[in-house]
Amino acid sequence: MDETPTPTPSLPGTAPESPPSAPEDPRRDAATGEAGPPSPAEPARRGAELLNELRRRISRFVILPSEQVLDAVTLWVAATHLQTAWQHAPRLAIVGPVKRCGKSRLLDVVTETVHAPLITVNASAAAIFRSITEDEPPTLLVDEADTLFGSQKVAERNEDLRGLLNAGHQRNRPTLRVTGPNHDVATFPTFAMAALAGIGDLPDTIMDRSVVVRMRRRAGAEKVAAFRTARDTPALHHLRDRLTAWLRPLRTEAMNAEPAMPVEDRAADTWEPLVIVADLAGGQWPDAARTACRAMSAHEADQDEDSGLRVRILADIRRVFAHEGDPAVLRTSRLIEALRADGEAPWAEHGAHGLTPRGLQLLLRDYGIGSANHRFPGGAQAKGFARTQFIDAWNRYCPAPAEP
């Protein structure tokens, strides 16, 4: 998808948008002109409608990889308006394999709809430290993040910034600096939501704390409206202000919420603010948020090649044991032969000569699993693995699907 869309002013058949006029209050008494008390369902309806409108406006200017990603970006933007309620501040990592995938265009739209945007291309860590306030943190927006972390040498120069982005994911993780002629120790808050756009993946520690949006170029048949700052931002700012008006009164409710999450650990910490906003909105949003959370978290787990291989080897070994009739012990040579025979698995090409006994040991080392000498039928001794060695790791890292 091009970052510089076609110069048409709007989608075919549509007119340039302007801030919508306030709808007539259906609760207003026709005789007195006074508004009656809000119905209990009104806040939920209002929230769902605002999220629906935000979703439509984002999709007007960018084409995201899936409906789930569009839902996630919508909820992330809304969550910035309740930053003081969250325990964790999820990052939004907008990445793409090459130029002209729409990363900057998405960041343009996000900038105009988030709370207190603080956008930078190449700011120093010290400047950002001094821009984050504890009572009302801004939303950090970093374009061309690949210029900050794209190579090891450059990344080393920006280690302070990476540390800030990592620490700022969790509340109460300030940074300490020596300042002034007396070398006084000053405490700087770091907690703030942040969106980063760049080519290629960001550092692992940032990606692990992010809702990851993997952009791609537009296909020939995919069309978007051109984004014009002077024309389009007033409507986006109007929507931003309405999001603030809806969410700010719900701060205490959001802060005390403990939603049911479809993921665990750090993924749950990162996605919880988005799920809480969806629950506050009601309508289809609670289901949509959890669907996006499951799908996008699973996708990112598969992208982590190293940890992905370490989990896959466990699942594939379980498959081999099952195929062999779940014997108590399996020879190392037979296990590797079966693993390498699967044409859809990566083991035949793992390493220079395919998976070897040494390579298998390295993959299983972190689980505390290793081969040992075993006696096999016929009295022969050989290196092998006992099935009981894997049971705990199978249950923890790749539990078998539940029976329907």
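The values are calculated or read from the model by the stated rules, or taken from the named source; none is laboratory data. Note that the structure is a prediction, hence the values are computed from the model and not measured. For neighbour counting, all protein chains shown are included, and Cβ atoms are generated from backbone atoms with ideal geometry for every residue, glycine included. Calculation scope for accessible area: heavy atoms of the full protein, side chains included, ligands and nucleic acids excluded. Shrake-Rupley method; radii C 1.70, N 1.55, O 1.52, S 1.80 Å.
On the stretch given as the stretch 173-185, residues that are assigned to a strand (DSSP E or B) and within 15 Å of Ala125 (Cα to Cα) total 5. Scanning the stretch 105-139 for residues that are polar (S, T, N, Q), in contact with a Pro (Cβ under 8 Å, 6 or more places away or on another chain) and open to solvent by less than 30 Å² (accessible area, probe 1.4 Å) yields Thr111, Thr139. Residue count for the stretch 203-228 under the criterion of being open to solvent by less than 10 Å² (accessible area, probe 1.4 Å) and part of a loop (DSSP other than H, G, I, E, B): the result is 4.
This table checks each residue for (1) surrounded by 13 or more Cβ atoms within 10 Å (Cβ to Cβ); (2) under 32 Å from the mean Cα position of the chain (by Cα).
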{"residue": "Ala341", "(1), (2)": "no, no"}
{"residue": "His350", "(1), (2)": "yes, yes"}
{"residue": "Arg358", "(1), (2)": "no, no"}
{"residue": "Gly370", "(1), (2)": "no, no"}
{"residue": "His374", "(1), (2)": "yes, no"}
{"residue": "Gly379", "(1), (2)": "no, no"}
{"residue": "Ala382", "(1), (2)": "yes, no"}
{"residue": "Phe385", "(1), (2)": "yes, no"}
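In the stretch 334-347, the residues that are free of Cβ contacts under 8 Å to residues at least 40 places away in the same chain and assigned by the TED database to the domain that holds Ala382 reach residues that are among the basic types (Lys, Arg) and open to solvent by 40 Å² or more (accessible area, probe 1.4 Å) with C-beta atoms within less than 7 angstrom, at least six apart or across chains, in these pairs: Trp347/Arg340.
On the basis of being among the β-branched types (Val, Ile, Thr) and surrounded by fewer than 16 Cβ atoms within 10 Å (Cβ to Cβ), does Ile391 make the cut? So Ile391 passes the test.
Of all residues in the stretch 70-98, those being touching a strand residue (DSSP E or B) at 6+ places or on another chain (Cβ under 8 Å) and open to solvent by less than 10 Å² (accessible area, probe 1.4 Å) number 13. Restricting attention to the stretch 282-298, the residues being small (Gly, Ala, Ser), open to solvent by less than 30 Å² (accessible area, probe 1.4 Å) and closer than 23 Å to Ala194 by Cβ number 3. A single member of Arg310, Arg266, Arg331 is outside the structural domain of Pro90 (by the TED database) and open to solvent by 60 Å² or more (accessible area, probe 1.4 Å), and it is Arg331.
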